[in-house]
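Here the structure is laid out as structure tokens; the discussion comes afterwards.
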Amino acid sequence: MIIAEQKSLDEIKTLIGNSEKVLVLGCGTCVTVCFAGGEREAAIMASSLRMATKLEGKSNAITDITVQRQCEWEYLDQVAEQIGEADVVLSLGCGIGVQAIAEHFPNTWVVPGLNTSFLGLPSEQGVWEERCAACGDCILGLTGGICPIARCSKTLLNGPCGGSEDGHCEIDPEIPCAWQLIYDRLSSMDKLDVLLDLQPPKNWKTSRDGGPRKIVREDLRLLEEEE
Amino acid sequence: MVTEIKSESKELTNGYLSGSNLEKILRGGHFAVTGELGPPQSADGEVIREKAALLKGYCDAVNITDNQTAIVRMSSIGAGTIVVQEGLEPVIQMTCRDRNRLAIQSDLLGAYALGMRNLLCLTGDHQSFGNHPESKNVFDMDSVQLVQAVANMRDECIFQCGDAFKGIEPRFFIGAAAAPFADPIDFRPYRLAKKVNAGADFIQTQLVYDVDAFAQYMEKVRELGLHEKTFILAGVGPLKSPGMARYMKNNVPGILVPDEIIKEMNAAGAPWAGKKKEELTKEDKKARSAAWKETGINICIDLIQKLRAIEGVAGVHIMAIEWERAVKPIVEGAGLYPRPQIEETVSEA
Ligand code: SF4
Ligand code: SF4
């Protein structure tokens with residue numbers, strides 16, 4: 001899922017500026033699961049902002065509401081009225097949510113309350129780690145199910161580099177070396193010979209380097225028309 | 001486990017792939033000596049000339065680092081051009097950190113046209129170590145893929161994309177690095193095999209201080225037959241102080257420094273060991289530093305002798321960065337001076 005974390009209150013206050021009516025909009029999907037922008041966080045954010053503006057002697061109208069998914073029009077439509085009334089929408093969705101609001105409500109000023117960080121998972125309570133960089137051409141089949149694109153600091157395909165030590169990456173003792181993980185896993189599965197093949201340079205066209213990406217499924221499109 | 005190496009397809013011109021001095025020395029069966037020259041963090045070509053003067057005659061070729069430790073410096077090819085003018089042979093270093101496959105290939109075409117003949121292909125230190133930690137990295141290719149791309153330009157006259165090109169191909173003597181003691185240590189000889197299979201003509205290793213550990217690595221390398229397919233230059237470097245030895249042992253991945261060497265360095269500073277920092281005069285510190293350096297150089301000479309005795313070690317790569325002056329006494333002390341002069345081969349009719 002998408003992992004995000006909240007921006008500082010100071011930055012959020014700057015983003016909101018002098019707007020009178022502020023709508024804090026939470027999202028019920030990924031950012032709820034990673035405790036960054038769900039219903040609970042939206043409510044806390046709204047009250048923090050209320051407190052902060054009160055301390056500054058202002059009386060802004062700050063409300064909050066949470067939709068199931070900010071990245072789909074139908075859920076946004078359900079709160080169109082509240083969005084329409086706000087001077088600014090503080091989205092606690094990921095970057096996709098923020099853009100969905102901007103796209104769907106051309107007259108609405110929307111600002112991000114979160115920093116969208118990565119695609120990952122909670123490795124333990126309170127810890128999230130990156131797992132995928134959405135490269136568009138998955139090579140996990142070659143690497144024992146461990147992604148060197150997202151998890152090797154140098155996106156090596158023929159790793160590990162000479163900086164791998166005691167299982168961690170050269171850039172930070174807190175970051176596991178993806179290639180050590182790959183090696184260990186292939187070794188335990190008795191598949192180390194996979195690593196002897198020279199992997200050719202990756203086709204980065206399918207990743208962001210090829211420009212913004214889009215998927216069109218004609219089969220689904222046709223179905224829609226038949227409806 | 002190692003697949004066939006395609007050395008047959010490597011086309012030799014006058015018996016050489018590149019005709020570089022380094023290649024000639026190695027193919028001639030001489031024990032090679034390469035050095036290292038770090039370009040300045042400025043546009044001052046004089047620095048390069050001064051360093052080249054210290055290394056000329058003592059090394060068969062010198063590596064010109066490419067933004068080493070991710071710190072901006074004069075480019076390897078730019079500095080290498082000056083080195084060529086000074087009559088010393090450069091080994092251009094090329095990392096995958098700063099350039100994509102377009103930039104790498106075009107820079108190498110230019111480097112060859114400027115007279116560079118040796119190339120070392122590296123992944124590169126991560127930019128977080130250097131002075132631009134906020135920069136975007138590239139890593140479009142990795143070092144193994146880079147070796148292959150350069151070999152294909154030379155041997156097949158094709159770019160990485162597969163397009164053939166006409167005209168003069170860049171005929172580099174292609175090098176790669178090896179880190180014998182980095183983790184996972186069991187995989188290291190096989191990763192070397194990948195580089196050799198990709199087309200690496202020579203290898204320069206990370207600094208070796210632990211000869212026994214290196215001998216074990218070389219045993220595996222010989223078992224895989226790699227020493228017969230590539231020239232392996234063992235990396236050595238003079239220690240400046242016990243602190244440097246400890247730092248390398250504890251902080252630099254893939255470097256093993258045996259305790260005996262640290263002890264030896266400590267012993268060199270023994271006459272000043274009883275004194276507190278404040279009690280040491282300027283002269284004391286100078287004398288102590290000189291004693292340490294002398295021992296560092298002697299240890300390095302000793303290491304070279306021992307490494308030379310290991311089967312499959314074709315030369316040494318002396319890394320005395322920002323201490324180029326140490327190379328002369330090391331090469332002389334190891335009995336490797338003067339360097340062999342290779343006659344120009346007569347071209348076949
Ligand atoms: S290979 Fe690509 S798609 Fe697969 S996990 Fe890694 S980044 Fe994601
Ligand atoms: S240490 Fe491991 S994870 Fe880090 S860059 Fe090298 S191979 Fe990748």
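The values are calculated or read from the model by the stated rules, or taken from the named source; none is laboratory data. Small disclaimer: the values here were computed from a predicted structure and weren't measured. Reconstructed Cβ throughout: ideal geometry from the backbone, glycine too, with neighbour counts over all protein chains shown. Side chains are part of the model used for accessible areas, which takes the heavy atoms of the whole protein and leaves out ligands, DNA and RNA. Shrake-Rupley method; radii C 1.70, N 1.55, O 1.52, S 1.80 Å.
Some points to look at:
- Residues in region B:218-230 that are of a type outside the set (A, V, I, L, M) and either buried (at least 24 other Cβ atoms within 10 Å of the Cβ) or over 29 Å from B:MET94 (Cβ atoms) (or both): B:GLU219, B:GLU223, B:THR230.
- Test: residue in region A:171-184 that is of a type in the set (D, E, K, R), buried (at least 21 other Cβ atoms within 10 Å of the Cβ) and within 12 Å of ligand 2 (Cβ to nearest atom): no
- Matching residues in region A:141-153 - criterion: being in contact with a helix residue (DSSP H, G or I) (Cβ under 9 Å, 6 or more places away or on another chain) and more than 18 Å from A:GLY120 (Cα to Cα): A:LEU142
- Residue count for region B:200-217, restricted to those that are more than 11 Å from every other protein chain (Cβ to nearest Cβ), surrounded by 24 or more Cβ atoms within 10 Å (Cβ to Cβ) and of a type in the set (S, T, N, Q): 1
- Extreme residue, nearest to the other protein chains (Cβ to nearest Cβ), among residues of region B:109-131 that are of a type in the set (Ser, Thr, Tyr) and within 20 Å of the chain's Cα centre (by Cα): B:THR123
- Of all residues in region B:252-290, those satisfying the criterion of being under 30 Å from A:ILE171 (Cβ atoms) and surrounded by 11 or more Cβ atoms within 10 Å (Cβ to Cβ) are B:VAL252, B:PRO253, B:GLY254, B:ILE255, B:LEU256, B:VAL257, B:PRO258, B:ILE261, B:ILE262, B:MET265.
- Checking each residue in region A:185-216 for being open to solvent by 90 Å² or more (accessible area, probe 1.4 Å) and closer than 28 Å to B:PRO133 by Cα picks out A:LYS205, A:ARG208, A:ASP209, A:PRO212.
- Annotation note: of B:ASN131, B:ASN152, B:ASN197, the sole residue that is part of a loop (DSSP other than H, G, I, E, B), at pLDDT 95 or above and open to solvent by 20 Å² or more (accessible area, probe 1.4 Å) is B:ASN131.
- Verdict on A:ASP193 being within 8 Å of chain B (Cβ to nearest Cβ), more than 16 Å from ligand 2 (Cβ to nearest atom), out of contact with any Pro (no Cβ under 8 Å at 6 or more places or on another chain) and without any contact (Cβ under 8 Å) to a residue 40 or more places away in the chain: yes
- Answer from B:LEU109, B:LEU120, B:LEU102, B:LEU146 - the residue that is of a type in the set (A, V, I, L, M, F, W, C), in contact with a Cys (Cβ under 6 Å, 6 or more places away or on another chain) and not in a loop (DSSP other than H, G, I, E, B): B:LEU146
- Residue check: A:ALA134 meets all listed conditions (1) open to solvent by 50 Å² or more (accessible area, probe 1.4 Å); (2) away from every other protein chain (no Cβ under 14 Å) but one, namely (1).
- Per-region count, region B:158-175, residues under 20 Å from B:GLY115 (Cβ atoms) and assigned to a strand (DSSP E or B): 3
- Within region B:68-80, tally of residues that are among the hydroxyl-bearing types (Ser, Thr, Tyr), open to solvent by 30 Å² or more (accessible area, probe 1.4 Å) and part of a helix (DSSP H, G or I): 1
- Considering residues of region A:154-170 that are touching a Pro at 6+ places or on another chain (Cβ under 9 Å) and more than 6 Å from ligand 2 (Cβ to nearest atom) only, the residue nearest to A:PRO201 (Cα to Cα): A:LEU157
- Some residue of region A:98-118 being within 16 Å of ligand 1 (Cβ to nearest atom) and of a type outside the set (Val, Ile, Thr): yes
- From the list A:ALA150, A:ALA86, A:ALA134, the one residue that fits, being of a type in the set (Gly, Ala, Ser), more than 16 Å from ligand 2 (Cβ to nearest atom) and under 20 Å from the mean Cα position of the chain (by Cα), is A:ALA134.
- Unmet requirement for B:ASN137, which otherwise passes all of (1) closer than 18 Å to B:ASN100 by Cα; (2) within 20 Å of the chain's Cα centre (by Cα): (2)
- Within region A:128-143, residues that are free of Cβ contacts under 8 Å to residues at least 24 places away in the same chain reach partners that are basic (Lys, Arg) and more than 7 Å from ligand 1 (Cβ to nearest atom) with beta carbons closer than 8 Å, at six or more positions or on different chains, in the pairs A:ARG131/A:ARG151.
- Helices (runs of 4 or more DSSP H) lying entirely in region A:1-101 (those with 3 or more residues that are of a type outside the set (A, V, I, L, M)): A:9-16, A:39-55, A:73-77, A:80-85
- Residues that are facing chain B (nearest Cβ under 7 Å) and not in a loop (DSSP other than H, G, I, E, B) were ranked within region A:148-182; the one that is nearest to ligand 1 (Cβ to nearest atom) is A:GLN180.
- Odd one out for B:ALA164, checked against (1) open to solvent by less than 10 Å² (accessible area, probe 1.4 Å); (2) more than 25 Å from A:ASP172 (Cβ to Cβ); (3) not hydroxyl-bearing (Ser, Thr, Tyr): (1)
- Any hit, region A:55-65, residues being modelled with pLDDT under 95, out of contact with any Asp or Glu (no Cβ under 9 Å at 6 or more places or on another chain) and among the aliphatic types (A, V, I, L, M): yes
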